[in-house]
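Down below is the structure, laid out as structure tokens.
The values are calculated or read from the model by the stated rules, or taken from the named source; none is laboratory data. All values derive from a computational prediction rather than experimental measurement. Note that each Cβ is placed from the backbone with ideal geometry, even for glycine, and that neighbours are counted across all protein chains shown.
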Amino acid sequence: MSYRPGNTVHDFKTKLSYEIWDTVFGENDVNKIFNNFRNTFLRIFYSSFLKKNIQAQKKDSTWMTKGIKISINHKREI
């Protein structure tokens with residue numbers, strides 16, 4: 001299966017539609033119903049959408065002069 005955005009949403013919807021929700025609606029306790037729903041939903045969600053790690057770019061502050069840095073620190077102290 002290809003993991004293009006359109007296919008992952010379709011995969012997610014398909015898995016949700018085929019899920020048996022008896023564990024959710026078969027309970028009387030609201031907390032158990034919510035936890036069962038959340039666990040089922042997240043299990044399907046994480047199996048359909050891949051986690052993508054993104055590296056934050058390092059800030060380039062070489063343009064800041066010593067005077068600007070002193071001014072920033074003074075402003076923070078105030």
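What to note about this one:
- Of all residues in the stretch 59-76 being of a type outside the set (Lys, Arg) and outside any helix (DSSP H, G or I), the one that is nearest to the chain's Cα centre (by Cα): 60
- Pair list, Cβ under 6 Å, 6 or more apart: the stretch 31-60 residue over 16 Å from residue 20 (Cα atoms) and touching a residue at least 40 places away in the same chain (Cβ under 8 Å), other residue among the charged types (D, E, K, R) and not in a loop (DSSP other than H, G, I, E, B): 48/11
- Only residues that are modelled with pLDDT of 90 or more, among the β-branched types (Val, Ile, Thr) and surrounded by 10 or more Cβ atoms within 10 Å (Cβ to Cβ) were counted in the stretch 1-53, giving 4.
- Scanning the stretch 35-58 for residues that are basic (Lys, Arg) and either in a loop (DSSP other than H, G, I, E, B) or touching a Leu at 6+ places or on another chain (Cβ under 9 Å) (or both) yields 51, 52, 58.
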